[in-house]
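These notes are about the structure you will find just below.
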Amino acid sequence: FGRGEVAGRYAIEEETEEERERDGRRETVTTMPRDSTTLTFVIVGEETPIYECEIKAGAKKEETVNYLHEFVLHAALDNIEEAIWTTQSCYLKAVDRYYDLTVSAYATSSLVKFLLLHDSKNDDGIRSFFHDIHEYYIKIMLNPFHTQTTKITSKHFDDKVKALAQKYLL
């Protein structure tokens, strides 16, 4: 199965269908339900996520959307691995899409990956967000008791991520 086919099967319960008239034909358009903007930010160490954060502008998050976001981000990891070797920049831009959601990525020199699932076209804001997060990540890594595979549980880091998301993305 292609990634779109498998993802489509998992997302079928969350989808809504709209019918449109186009050039005299009936066309069914499938879109994801959207109550508000939800951003999902993940830092992936060597192989596992070491930090996860959902930033929501609006209503309470739905668990089904959370699982869908995790699935989309996980599926994008292969594209990120390929993109890392095709550019010299840390910011990899948009590496994958799922319906109207886009996965943007940033890779550090130690191959730690920052992933952001979003629905906006704010390229400069996303680049600035990743750059500032990278600075805070380096400060966390300067702790001698923290390794590249240790989960980041700092409340201060979490607050900084949310503040930067509000500043650059929402």
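The values are calculated or read from the model by the stated rules, or taken from the named source; none is laboratory data. Since we're looking at a predicted model, the values are computed, not measured. All Cβ positions, even for glycine, are placed from backbone atoms using ideal geometry, and neighbour counts span all protein chains on display. Keep in mind that these areas ignore ligands, DNA and RNA; they rest on the heavy atoms of the full protein, side chains included. Shrake-Rupley method; radii C 1.70, N 1.55, O 1.52, S 1.80 Å.
Odds and ends about this structure:
- Separation of the F71 and S154 label points, Cα + 7 Å toward Cβ, nm: 3.4 nm
- Fully extending the segment from Q166 to T48, taken as 0.36 nm per residue of separation minus the present Cα-Cα distance, adds 39.9 nm.
- Ellipsoid fit via the Cα gyration tensor, the stretch 51-170: semi-axes of 21, 19, 15 Å, each the root of five times an eigenvalue, largest first.
- Area of L117 that stays accessible when all protein chains are in place (1.4 Å probe, Å², to 10): 0 Å²
- Value of relative contact order over the stretch 96-135, rounded to a whole percent, pairs C-alpha under 8 Å and six or more apart: 33 percent
- If R0 is 22 Å, the Cβ-Cβ spacing of K93 and D119 corresponds to a FRET efficiency of close to 0.90.
- When the Cα convex hull of the stretch 106-170 is projected onto planes of every orientation, the mean area is 4.6 nm².
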